[in-house]
Amino acid sequence: MTIEFISEEQREALQEVANIGIGQAGASIAKVLGEFVELSVPQISAVDAAAIPAALAALAGDGIASAVRQAFIGELRGEAIVIFAEHSADDLAVLLAYGDALDGPAGRELLLDISNVLVGACLGGIAELLRTTIGFSAPSLLADQVASSQLLRVDEISARCALLVEVRFGIEKRVFRCHLVMLMPDDAVAALRRALDRFVEEL
């Protein structure tokens, strides 16, 4: 069954504001790391809740990954999940000149910090363009060095279906790779549609 939350015009508007939001997030991370950050074009899809874990696993690819989750609240409501490829924390430590290899707690704290910067810059940029306010919970570790298929379980998802917005961040010649995924439950997408309609009307 195909799930459609937004019209084609709204989808194009979301693509435009998401592009700007991820550009701001990329610039924020580049400033922190002192490296050029590669960005993918945001991919927007509507998915059934049962398909979300598989979608996240596909983004992470084969092997081991970690993930951080952070809720966002306000007119726009949902959850952001940042998926990190294996060894990304070690690569971040090298870029930030931490010296010795990170132990487990320090590595996890670094992923939380980087996720907070990414999510705040990206979703904050989107909210600003859509002329709405947004707040964030503290980031928390969703999964730590697990098989990509184990990042998220279906029983951890409350919505029946969700709008998924995904973008990849990477650094040339580095292991560091992460995906930022925004999940908005079906009952929260109406507010997004209204915000996108306002954005289009003001163009």
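The values are calculated or read from the model by the stated rules, or taken from the named source; none is laboratory data. Being a predicted model, the structure only gives us computed values, none of them experimental. Glycine gets a Cβ as well: all are built from the backbone with ideal geometry, and neighbour counts include every protein chain shown. To get the accessible areas, we keep the full protein, side chains included, count just its heavy atoms, and leave off ligands, DNA and RNA. Shrake-Rupley method; radii C 1.70, N 1.55, O 1.52, S 1.80 Å.
Assorted remarks:
- For region 92-101, the count of residues that are within 13 Å of Cys178 (Cβ to Cβ), buried (at least 17 other Cβ atoms within 10 Å of the Cβ) and not hydroxyl-bearing (Ser, Thr, Tyr) is at least one.
- With respect to the conditions (1) on the phi > 0 side of the Ramachandran plot; (2) assigned to a strand (DSSP E or B), Val167 lacks only one, and its number is (1).
- Residue list for region 128-151, filter: among the small types (Gly, Ala, Ser) and either surrounded by fewer than 16 Cβ atoms within 10 Å (Cβ to Cβ) or at pLDDT 95 or above (or both): Gly135, Ser137, Ala138, Ser140, Ala147, Ser149
- The one condition from (1) free of Cβ contacts under 8 Å to residues at least 12 places away in the same chain; (2) within 20 Å of Ser45 (Cα to Cα); (3) open to solvent by 60 Å² or more (accessible area, probe 1.4 Å) that Lys173 does not meet is (2).
- Of all residues in region 152-170 being open to solvent by 80 Å² or more (accessible area, probe 1.4 Å) and basic (Lys, Arg), the one that is modelled with the lowest pLDDT: Arg160
- Across region 123-131, a minimum of one residue is classified as on the phi > 0 side of the Ramachandran plot and touching a residue at least 60 places away in the same chain (Cβ under 8 Å).
- Considering only residues in region 176-195 that are open to solvent by less than 20 Å² (accessible area, probe 1.4 Å) and in contact with a Ser or Thr (Cβ under 9 Å, 6 or more places away or on another chain), the one that is farthest from Gly26 (Cα to Cα) turns out to be Ala191.
- Yes/no for Ser66 being at pLDDT 90 or above, open to solvent by less than 30 Å² (accessible area, probe 1.4 Å) and of a type in the set (Ser, Thr, Tyr): yes
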